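Notes follow the structure.
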Amino acid sequence: SERNKKKNIEPVDTTAILKRISELSLSKWSYKSDDDSIVHMGPMAQDFYASFGLGNDNKHITPIDSSGVALAAIQELYKLVAEQKEMIRELQERNARLEARLKDG
């Protein structure tokens, strides 16, 4: 998906995307034309469009849009995990210093 073929490029608020995903209703379902043994999972196109405003209409979810939303959420989750790892490291160091002080009396 080549950059020079695109227009109106703007950054994404990954925090907002992750929040919207957490509020998005997900379901298991079958198409009316499918055998009942064929099951899919995901949001309804109307809900996806209402949450993200992506695509041509509220009747379809394109793979590029669902992938983009998923990648934005992954980036935000990565940031959160990195922040938590740093917080855990700092707390472990603080705990070690406190335990050392207790041993020293």
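So, for the chain, what is the accessible surface per residue at a probe of 1.4 Å, expressed in square angstrom?
Details: 9080 Å² over 105 residues.
So the chain comes to 86 Å² accessible per residue, rounded to a whole number.
Ordered from largest to smallest accessible area (heavy atoms of protein chains, 1.4 Å probe), the residues Ser66, Ser37 come out as Ser37, Ser66.
Once you charge only the Cβ atoms, +1 for Lys and Arg and -1 for Asp and Glu, what is the size of the charge dipole of the chain about its Cα centre, to the nearest 20 debye? Present the calculation step by step, with values, prior to reporting the outcome.
Details: 16 positive and 17 negative charges, 70 e Å.
Dipole magnitude for the chain comes out near 340 debye.
Quick check on region 1-52: take the gyration tensor over C-alpha atoms, sort the square-rooted eigenvalues as a ≥ b ≥ c, and tell me if it's rounded (a/c under 1.5), prolate or oblate.
On the way: a/c = 3.41, a/b = 1.71, b/c = 1.99.
The shape class here is oblate.
Once C-alpha pairs closer than 8 Å and six or more residues apart are averaged by separation and normalised to the residue number of the chain, the relative contact order reads 23 percent.
Simple rule: put +1 on each Lys or Arg Cβ and -1 on each Asp or Glu Cβ in region 1-43, find the dipole, and look at Ile17, Asn4, Tyr31; the Cα lying farthest toward the positive end is Asn4.
For the options Gln75, Gln84, Gln46, a Gaussian network treatment of the chain with springs between C-alpha atoms closer than 10 Å singles out Gln84 as fluctuating the most. Axis of helix 63-104 versus longest Cα principal axis of the chain: the two differ by about 10°, to the nearest ten degrees. Sorting the segments 15-22, 55-62 by their mean number of nearby beta carbons within 10 angstrom, highest to lowest, gives 15-22, 55-62.
Here the 3J(HN,Hα) profile of region 26-33, calculated from phi with Karplus coefficients 6.51, -1.76 and 1.60 at θ = phi - 60°, is 10, 9, 9, 7, 10, 5, 4, 7 Hz, Gly and Pro shown as x. Calculate for the chain the 222 nm mean residue ellipticity that helices alone would give, adding -39,500 (n - 2.57) per DSSP H run of length 4 or more and normalising by residue count, nearest 500 deg cm²/dmol. Dividing the helical sum by the residues of the chain leaves -19500 deg cm²/dmol.
How large a share of the accessible area of region 12-58, in percent, is made up of carbon and sulfur atoms when the probe is 1.4 Å and the other protein chains stay in place? Please report the intermediate quantities before stating the final value.
Numbers: 1780 of 3460 Å².
Using a 1.4 Å probe with all protein chains present, region 12-58 comes out at 52 percent carbon and sulfur.
Mind checking the angle between helix 14-23 and the chain's longest principal axis? C-alpha axes, 0 to 90 degrees, to the nearest 10. Relative to the chain, helix 14-23 is tipped by roughly 70 degrees.
The values are calculated or read from the model by the stated rules, or taken from the named source; none is laboratory data. Owing to the predicted nature of the structure, the values given are computational and were not obtained by experimental measurement. As a convention, Cβ positions derive from the backbone with ideal geometry for all residues, glycine included, and neighbour counts pool all protein chains shown. Note: accessible area is taken over every heavy atom of the protein model, side chains too, but ligands, DNA and RNA are not part of it. Shrake-Rupley method; radii C 1.70, N 1.55, O 1.52, S 1.80 Å.
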